[in-house]
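J.: Dumping the structure here so I can ask a few things about it.
The values are calculated or read from the model by the stated rules, or taken from the named source; none is laboratory data. What you see is a predicted model, and the numbers here were worked out from it, not measured in a lab. Because the Cβ atoms are built from the backbone with ideal geometry, glycine has one as well, and the counts that use them run over all protein chains shown.
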Amino acid sequence: MSTAPTPWPADTAAPVLFIIDASHRPERQLLGQWLDSTRPEQPPATTHRVVLPIATRQEAIDEISLLPFLQGDPDTIVVPIRVVWGDGRDGSRPTPRLRDLLRGNVRRPGASRAARILRKTPDRATNIAGASATLAALRARWSGDDETAFARFVANQAGLALDIAERQQRGGRYKVPRRVAQNLRRRSAFQEALTQIAEDTGESVEALNERAEEIFKELIAIPRTFWQDVMAAFNRKVISMGYEPEIVIDKQRLETLRETVRTRPSVLLWTHKTHIDGFAVYSMLFENDFPVPHLLGGVNMAFGGLGYAARRSGGIFIRRSFQDDLLYKMILRQYLGYLLEKRFPLTWAFEGTRSRVGKLMPPRYGILKYVAEAARASGDDNLRIIPIALNYDLIRDVRDYVKEQGGGVKQPESLRWFIGYVRGLRQPLGKIYIDVGEPVILRDVPEEDDLALKKIAFQVGVETNRVTPITVTSLVTTILLGAAPRALTRLELGKEMLRYLSWARARDIPVTDDFERDQMDHFNDLAQVLNSHGLVQHFDDGPDTVYALAPEQHPVASYYRNTTIHHFVVKAFAELALLRAGDAESNRLEIFWSAAERLRDLFKFEFFYAPREAFRDEVVAEMDRYDAAWQTRLDEDPAYAADLLRRFRPLVARAALLPFVEAYRVVANVLSRLPADEDLTAADCLERSLALGRQAYLQRRISTEASIGKLFFENGYRLVDNLELTQAGDAELTARREALSREFRQLANRLERLRVLALPEDAW
């Protein structure tokens with residue numbers, strides 16, 4: 001058996017009260033022997049021992065036994081002690097075994113199991129002492145005159161001190177909140193809020209307290225070290241079924257994140273691409289010894305054994321709708337504030353739902369609003385909101401997304417569904433990448449200021465996009481989609497990859513470390529996986545190996561392209577604006593800016609932009625890289641625009657914007673076919689666009705099935721509604737509807753011209 005230093009205080013003149021955290025006889029004997037064997041030669045004149053099973057009964061400690069010892073000498077030194085049980089396995093990744101589920105927590109063994117451990121492997125038991133304090137110091141930190149409540153406070157402080165000492169043995173990942181419901185109930189802010197709700201609703205305080213108890217049981221996570229280990233092992237298993245076990249993350253950024261979480265109330269907001277996201281975030285934090293993250297999710301995911309295990313490893317399941325339940329809203333706000341105050345990081349997917357198209361979805365700030373209110377109520381106005389970008393080489397869910405976007409119905413979550421989902425991971429999917437952005441500080445946000453929260457959420461989205469790296473999969477699909485329907489030889493693909501990488505690196509756009517090696521070597525490694533999934537086709541029987549995307553795979557490939565599309569939007573707009581200016585006979589600079597601003601407005605429901613003036617600066621910076629005198633020369637030389645475009649390699653507009661232009665073209669065409677006196681509703685627009693889109697693809701009026709998508713059509717409707725084209729009107733309305741349809745047709749034609757311009761000079 002290993003032992004910690006002596007638990008006896010250095011001051012032998014003061015009385016001592018040992019609080020012995022023991023659940024059964026073997027622990028009591030072990031700790032008693034430790035006290036006896038380390039007793040100083042001149043022990044304190046007065047020594048008391050009281051046994052409290054704090055670790056195993058943390059939510060219901062019988063503190064009454066403490067009362068007789070709290071009325072004595074205020075200089076009495078209170079020393080809590082405990083046995084820490086090891087799991088008997090080496091390594092930093094604890095892996096519970098099946099028998100642990102049957103026998104109970106190996107780190108909190110029962111009496112018979114503890115006795116057996118002490119006989120066979122006594123080194124698994126370590127005696128620890130928590131930080132001591134005098135009764136006078138404890139009373140100074142306590143406010144009130146109820147001695148039973150003071151005894152409860154002392155017991156709670158003893159448990160906290162022992163938890164801190166135990167974490168020094170086990171690691172920071174095992175920092176968990178204790179007695180949350182009881183602590184919340186005792187707070188004056190909670191009682192005042194409860195009284196106010198009673199006054200507002202007419203419901204009695206007693207009835208509210210009864211409902212509150214049910215909400216506490218439903219809402220509050222009850223993390224346990226054993227179940228943290230179980231969930232971590234389960235996460236590793238699920239991830240490793242399809243992905244490489246080691247998540248790719250910048251270690252320096254990880255240490256910065258650790259310091260922020262340790263010192264500031266923190267919220268980790270991650271992008272949502274797949275059901276694996278939560279597993280990946282939890283695993284990354286656990287494996288790197290972060291305090292237990294409280295992961296917020298919808299109550300729809302609290303099914304079966306997964307919900308049971310998730311609650312016991314930090315999961316918080318929130319009702320989908322609770323706007324009219326004042327009590328639920330209050331408890332949620334108080335609970336989140338308590339966790340922030342105690343420096344437990346909160347984490348959730350800030351998009352609210354999985355991105356069905358690959359790019360970042362508009363953030364939902366409902367939970368963020370409650371967190372902001374909780375931080376404000378706790379008096380902390382320096383909440384750190386930390387963006388977390390998750391990316392994958394390949395994603396199991398994408399084919400399901402394609403079906404949904406084509407009009408299919410989403411399969412509801414259930415235990416049976418989840419088992420099938422996990423089984424579907426049994427194929428190589430590559431790597432998982434996690435990137436950490438700079439914190440957005442939530443400071444002095446006025447109450448009920450939704451606009452301010454939207455701006456905060458927008459900042460988070462912009463920073464998330466900034467740190468999202470270009471992966472091999474996203475780059476290859478971007479290039480091949482841009483070249484489609486043409487295939488590229490191995491050499492052509494390699495040259496385009498070099499052009500894109502050179503362009504990205506010159507602009508400090510992050511790329512994965514895979515590109516540090518010969519990118520074609522890594523592509524060859526990944527090509528087999530891409531080919532096995534049917535995503536990329538290759539043909540080896542000709543004089544050159546060629547790569548292409550099968551037409552039916554364009555929607556899938558489009559998803560991966562969209563994960564990094566935000567890096568290319570400004571350049572794409574600049575290319576199209578330059579092409580438009582080159583067609584003009586005069587005022588080409590004015591036409592350039594008019595076209596760029598128009599594109600910004602047309603796709604404002606799809607992308608995160610900088611403010612208008614900053615957007616213009618970004619366009620100027622991009623153009624200046626090719627020619628600092630472009631604004632002057634554009635008006636002076638009629639051939640200049642065409643000459644400059646030839647130097648714009650890589651040309652990205654078609655690869656980046658084609659599905660959006662074609663989808664919006666479909667919506668505009670639906671609108672232009674309506675009589676002037678007919679409205680167009682969102683539901684009707686979606687139904688008609690899906691039908692017209694399928695017809696247009698068969699007629700090859702649009703070039704790719706990737707353009708047929710519910711989200712694209714819905715955003716297209718938001719645009720035409722914003723342009724005031726959906727409500728019935730007169731002949732002038734018809735003309736405006738037809739003008740928008742022509743505008744998107746012209747945009748599609750310009751994209752095709754850019755595709756031809758991008759062809760290799762030696763192309764057939």
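J.: Examine the range 135-149 for a residue that is of a type in the set (Ser, Thr, Tyr), at pLDDT 90 or above and loosely packed, with under 14 Cβ neighbours inside 10 Å, and state whether such a residue exists. Outline the logic, then answer.
T.: Here is the first cut: in the range 135-149, the residues of a type in the set (Ser, Thr, Tyr) are 143, 148.
If we keep only those that are at pLDDT 90 or above too, we end up with none.
No, every residue in the range 135-149 fails to be of a type in the set (Ser, Thr, Tyr), at pLDDT 90 or above and loosely packed, with under 14 Cβ neighbours inside 10 Å.
J.: Considering only residues that are in contact (Cβ under 8 Å) with a residue 60 or more places away in the chain and polar (S, T, N, Q), look in the range 194-231 and name the one that is nearest to SER283 (Cα to Cα).
T.: GLN228
J.: Could you go through the range 411-423 and let me know if any residue there is of a type in the set (Val, Ile, Thr), closer than 22 Å to MET241 by Cα, more than 13 Å from the chain's Cα centre (by Cα) and surrounded by fewer than 16 Cβ atoms within 10 Å (Cβ to Cβ).
T.: yes
J.: Determine which single condition TYR717 fails, assuming it passes every other condition in (1) closer than 18 Å to LEU602 by Cα; (2) surrounded by fewer than 17 Cβ atoms within 10 Å (Cβ to Cβ); (3) not charged (D, E, K, R).
T.: Here TYR717 clears every test but (2).
J.: Given (1) in contact with a helix residue (DSSP H, G or I) (Cβ under 7 Å, 6 or more places away or on another chain); (2) closer than 30 Å to ILE456 by Cβ; (3) modelled with pLDDT under 95, identify the lone condition not met by PHE603.
T.: Going through (1) in contact with a helix residue (DSSP H, G or I) (Cβ under 7 Å, 6 or more places away or on another chain); (2) closer than 30 Å to ILE456 by Cβ; (3) modelled with pLDDT under 95 one by one, PHE603 breaks only (3).
J.: Across the range 201-253, what is the total count of residues that are of a type outside the set (A, V, I, L, M, F, W, C) and within 21 Å of TYR308 (Cβ to Cβ)?
T.: 12
J.: List the residue pairs whose Cβ atoms are under 7 Å apart, where the first residue sits in the range 69-87 and is outside any strand (DSSP E or B), the second is charged (D, E, K, R) and surrounded by fewer than 18 Cβ atoms within 10 Å (Cβ to Cβ), and the two are 6 or more positions apart or on different chains.
T.: Correct list of pairs: LEU70/GLU147.
J.: Looking only at the range 95-112, decide whether some residue is modelled with pLDDT of 90 or more and of a type outside the set (A, V, I, L, M).
T.: Looking for residues that are modelled with pLDDT of 90 or more and of a type outside the set (A, V, I, L, M), one finds at least one in the range 95-112, hence yes.
J.: Is it true that GLN228 is surrounded by 20 or more Cβ atoms within 10 Å (Cβ to Cβ), part of a helix (DSSP H, G or I), among the polar types (S, T, N, Q) and on the phi < 0 side of the Ramachandran plot?
T.: Taking the combined requirement at face value, the residue satisfies it.
J.: State which residue is surrounded by the fewest Cβ atoms within 10 Å (Cβ to Cβ) when the search covers only the range 345-377 and only residues that are part of a loop (DSSP other than H, G, I, E, B) and aromatic (Phe, Trp, Tyr).
T.: The residue in question is TYR365.
J.: For the range 577-590, how many residues are within 20 Å of LEU651 (Cα to Cα) and crowded, with 19+ Cβ neighbours inside 10 Å?
T.: 6
J.: Is it true that ALA309 is over 19 Å from the mean Cα position of the chain (by Cα), of a type in the set (A, V, I, L, M, F, W, C) and within 30 Å of ILE419 (Cα to Cα)?
T.: For ALA309, the condition - over 19 Å from the mean Cα position of the chain (by Cα), of a type in the set (A, V, I, L, M, F, W, C) and within 30 Å of ILE419 (Cα to Cα) - is met.
J.: Let me ask something additional. Of the residues ARG505, ARG588, which single one is at pLDDT 90 or above and under 32 Å from the mean Cα position of the chain (by Cα)?
T.: Exactly one of ARG505, ARG588 is at pLDDT 90 or above and under 32 Å from the mean Cα position of the chain (by Cα), namely ARG505.
J.: Turning to a different aspect of this structure: Residues that are under 30 Å from the mean Cα position of the chain (by Cα): which helices (runs of 4 or more DSSP H) entirely in the range 123-188 hold 2 or more of them?
T.: The helices (runs of 4 or more DSSP H) meeting that bar are 147-170, 180-186.
J.: Out of the residues in the range 203-260 meeting the condition of being of a type in the set (Phe, Trp, Tyr) and at pLDDT 90 or above, tell me which one is farthest from LYS329 (Cα to Cα).
T.: Only one residue tops the list, namely TYR243.
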